[in-house]
Amino acid sequence: MPGRAADRPDMAPQAPAMGVAGWCRSRLFSSPLNIVLTLLVTWLLFMTVPALLDWLFLQADFSATTAAQCRAAQGACWAFIAAKHRLILFGVYPYDQQWRPLLAAVILVAVIVCSCMRRFWRPALALLWSAALLAVAVLMWGGVFGLAHVEDSRWGGLPLTLILSTFGIAFAFPLGLLLALGRRSDMPVIKALCVVYIELVRGVPLISLLFMSSVMLPLFLPEGVSIDKLLRAQIAIILFAAAYIAETVRGGLQAIPKGQYEGADSLGLSYWQKMRKIILPQALKVVIPPLVSIFVALFKDTSLVVIIGIFDLTQSAKTALADAHWRGFSSEAYVFIACIYFIFCFSISRYSKALEKRLDTGRRQ
Amino acid sequence: MPEAMIRLEDVNKWYGQFHVLRDINLTVAPGERIVVCGPSGSGKSTMIRCINRLEEHQSGHIFVDGMELTNDLKQVETVRRDVGMVFQHFNLFPHLTVLENLTLGPIWVLRQPRAQAEAAARRYLERVRIPDQADKYPGQLSGGQQQRVAIARSLCMNPKVMLFDEPTSALDPEMVKEVLDVMIGLAQESGMTMLCVTHEMGFARKVADRVIFMDQGEIVEQDAPDAFFDSPRTERARLFLSQILH
């Protein structure tokens, strides 16, 4: 007859905390498969990490002044970034005016950070945004206050990426909300319009929308009328993201129990009051993770504007590579811009995680 | 005789082929307290949900305080302002605190100043005996407490009519009494018109002026509570009572 577990030491429940050795045994070597996987991963890390560190830091050249010196080094040539960072960050914006896009980017980031903090969530925030957008426009275009005028075809690099994605999200989000509500509307015409729009836009890649906005749209406009190329790209990005946001928000709306609608109705709230106060706050909370994925994707997808000849961060990095003196440092350039993209995208996802946690009011129903 | 508070005239409703309400005629006087009972699927919840148009009836007329419920949304909103509803599953708003749940309607629908709405909300919380829970979220309260908050939320709108849709049937047994006590207090002190779908016979005997028994979408029998429970006139009512009383 088998004894009770407690009578036999080998079957007694294991204490959870056993120091490093215990942790390794229970997490890394608990089964034959686990042992194989652990060894495999260790081997992979051993093969790649030292070489990577070597290239990134140990053998890298940080201080070379010419490309020739740099080529002598075994590792990365960070001197290339030092020499070209302004071209990568600001594109072909006039060199001596580049403090303007820098300031514009700082303003944009500052306003975005403010909007993320709950104590700024009040009507005055809209005012702050208007002021910031005006400041960005003045800085980038110039032409007033003694600032030289700069064509937007010369804008580029990080500020352009930030502008495209900030405006993209700022306009696509409300448009997406309206489309999601429209798709669930009782009014057949509105519903049909929203469905057609969403399905059409989701059915084509962003790159083809950009292409259409840049190549096809001018064919339909009357002669002499032209919409700015940057604006057209911006509109294409907004329209594209709105369709995805709409579908995500619709998922959130469907997750809200019918009782919430009835509770709001029974108080006599109007449709818009019900949506604004009861349904959307809960629905959006549910869809924060997929919404943030869309925002992150949008931020990175702005790099597709290169196909219509706009110099965003990715394209200006390519331009920097085209310099005949500094040939062959593409790895460095791409690692550099990858880091920039990563910093922004990672910040967005960390913020969304914190937001989710803070908005969790422990629903039990 | 005073104008009826609620009047249903030949109301019919179908869910697809299923005839849920058949020729319902019902008049409720101001201040009258009515308990509606009947087997499940008899249409009792559907009937009271038609009174604030959470469900639409397909033929007949429904008047609340002289105003007819039609497709006119403005009119429906006006009626809903005067008709409070308490649901089986509370339907509190989980993202708002108890106090915010209570003041939402008064502030946005009745356009009361916030301070006035909050003062009234605290008074009603006192009345349903949970004054110290104002700043919690619904998810932090027990079922009985949530239902009392839901009652207070309806009362904050100063309704002329209160509808209760099986208010105690989702509660754990030990919480039923605290909710019923609040409802009894409300019935005895306020003189408000009440329609309550419930199987709580003790409650019905204590406060109801009239018990309505429904079966298969029809009002089969209506009588004073003691008369109905002690000597039901129809076979269907007798069968139903024998099932719920064992």
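Only helices (runs of 4 or more DSSP H) whose full extent lies in the stretch A:1-79 are considered here, and the ones with at least 2 residues that are modelled with pLDDT under 75 and loosely packed, with under 12 Cβ neighbours inside 10 Å are A:67-72.
For the stretch A:268-327, the set of residues classified as more than 23 Å from A:ALA243 (Cβ to Cβ), aliphatic (A, V, I, L, M) and in contact with a helix residue (DSSP H, G or I) (Cβ under 6 Å, 6 or more places away or on another chain) consists of A:ILE278, A:LEU313, A:ALA317, A:ALA320, A:LEU321, listed by residue number.
Mind counting the residues in the stretch A:260-275 that are surrounded by fewer than 21 Cβ atoms within 10 Å (Cβ to Cβ) and either in contact (Cβ under 8 Å) with a residue 12 or more places away in the chain or under 25 Å from the mean Cα position of the chain (by Cα) (or both)? Please lay out each step first, then the result.
Residues of the stretch A:260-275 that are surrounded by fewer than 21 Cβ atoms within 10 Å (Cβ to Cβ), as a first pass: A:260-262, A:270-275.
When the remaining residues are screened for being either in contact (Cβ under 8 Å) with a residue 12 or more places away in the chain or under 25 Å from the mean Cα position of the chain (by Cα) (or both), the result is A:260-261, A:274-275.
Total satisfying the criteria: 4.
Return the only residue of B:SER45, B:SER59 being crowded, with 16+ Cβ neighbours inside 10 Å and over 14 Å from A:ASP265 (Cβ atoms). Full working, then the answer.
On the way: B:SER59 fails: crowded, with 16+ Cβ neighbours inside 10 Å.
Result: B:SER45 is the single residue among B:SER45, B:SER59 that is crowded, with 16+ Cβ neighbours inside 10 Å and over 14 Å from A:ASP265 (Cβ atoms).
Screening B:LEU69 on (1) in contact (Cβ under 8 Å) with a residue 60 or more places away in the chain; (2) surrounded by 17 or more Cβ atoms within 10 Å (Cβ to Cβ); (3) more than 14 Å from the chain's Cα centre (by Cα) shows it passes everything except condition (1).
Mind telling me which of the residues A:LYS258, A:LYS277 ends up being basic (Lys, Arg), modelled with pLDDT of 85 or more and touching a Leu at 6+ places or on another chain (Cβ under 8 Å)?
Numbers: A:LYS258 fails: touching a Leu at 6+ places or on another chain (Cβ under 8 Å).
Answer to the selection: A:LYS277.
Of all residues in the stretch A:329-359, those satisfying the criterion of being farther than 19 Å from A:LEU160 by Cα and touching a residue at least 12 places away in the same chain (Cβ under 8 Å) are A:PHE329, A:SER331, A:GLU332, A:VAL335, A:SER349, A:TYR351, A:SER352, A:LEU355, A:GLU356, A:ARG358, A:LEU359.
Scanning the stretch B:1-27 for residues that are on the phi > 0 side of the Ramachandran plot and either in contact with a Phe, Trp or Tyr (Cβ under 6 Å, 6 or more places away or on another chain) or assigned to a strand (DSSP E or B) (or both) gives B:ASP10, B:ASP23.
Away from chain B (no Cβ under 14 Å), on the phi > 0 side of the Ramachandran plot and of a type outside the set (Lys, Arg) - does that describe any residue in the stretch A:219-234?
Start the filter on the stretch A:219-234 by keeping residues that are away from chain B (no Cβ under 14 Å), which leaves A:219-234.
If we keep only those that are on the phi > 0 side of the Ramachandran plot too, we end up with A:224.
Going one step further and asking which of them are of a type outside the set (Lys, Arg), we end up with A:224.
Yes - at least one qualifying residue is present in the stretch A:219-234.
Checked against (1) more than 30 Å from B:GLN243 (Cα to Cα); (2) modelled with pLDDT under 90; (3) more than 9 Å from every other protein chain (Cβ to nearest Cβ), B:GLY41 passes all but condition (1). Criterion applied to A:TYR244, A:TYR197 was being away from chain B (no Cβ under 14 Å), assigned to a helix (DSSP H, G or I), aromatic (Phe, Trp, Tyr) and out of contact with any helix residue (DSSP H, G or I) (no Cβ under 6 Å at 6 or more places or on another chain), and the one residue passing it is A:TYR197.
Residue by residue, here is whether (1) small (Gly, Ala, Ser); (2) crowded, with 21+ Cβ neighbours inside 10 Å; (3) in a loop (DSSP other than H, G, I, E, B) holds:
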{"position": "B:ALA150", "(1), (2), (3)": "yes, yes, no"}
{"position": "B:PRO167", "(1), (2), (3)": "no, yes, yes"}
{"position": "B:GLU178", "(1), (2), (3)": "no, no, no"}
{"position": "B:MET183", "(1), (2), (3)": "no, yes, no"}
{"position": "B:GLY202", "(1), (2), (3)": "yes, no, no"}
{"position": "B:LYS206", "(1), (2), (3)": "no, no, no"}
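Counting only residues that are part of a loop (DSSP other than H, G, I, E, B) and not hydroxyl-bearing (Ser, Thr, Tyr), which one in the stretch B:224-246 is nearest to B:SER40 (Cα to Cα)? Walk me through how you get there before you give the answer.
Initially, the stretch B:224-246 is screened for residues part of a loop (DSSP other than H, G, I, E, B), giving B:224, B:231-234, B:246.
Subsequent filtering for residues that are not hydroxyl-bearing (Ser, Thr, Tyr) retains B:224, B:232-233, B:246.
On the way: B:ALA224: 22, B:PRO232: 19, B:ARG233: 20, B:HIS246: 17 Å.
Among residues in the stretch B:224-246 that are part of a loop (DSSP other than H, G, I, E, B) and not hydroxyl-bearing (Ser, Thr, Tyr), the one nearest to B:SER40 (Cα to Cα) is B:HIS246.
Assessment of the stretch B:126-143 against the conditions (touching a residue at least 40 places away in the same chain (Cβ under 8 Å), more than 14 Å from chain A (Cβ to nearest Cβ) and of a type in the set (Gly, Ala, Ser)) yields no matching residue.
The values are calculated or read from the model by the stated rules, or taken from the named source; none is laboratory data. This structure is a prediction, so every number in the text was calculated from the model and none was measured. When we count neighbours, we look across all protein chains shown, and the Cβ atoms used for this are built from the backbone with ideal geometry, even at glycine.
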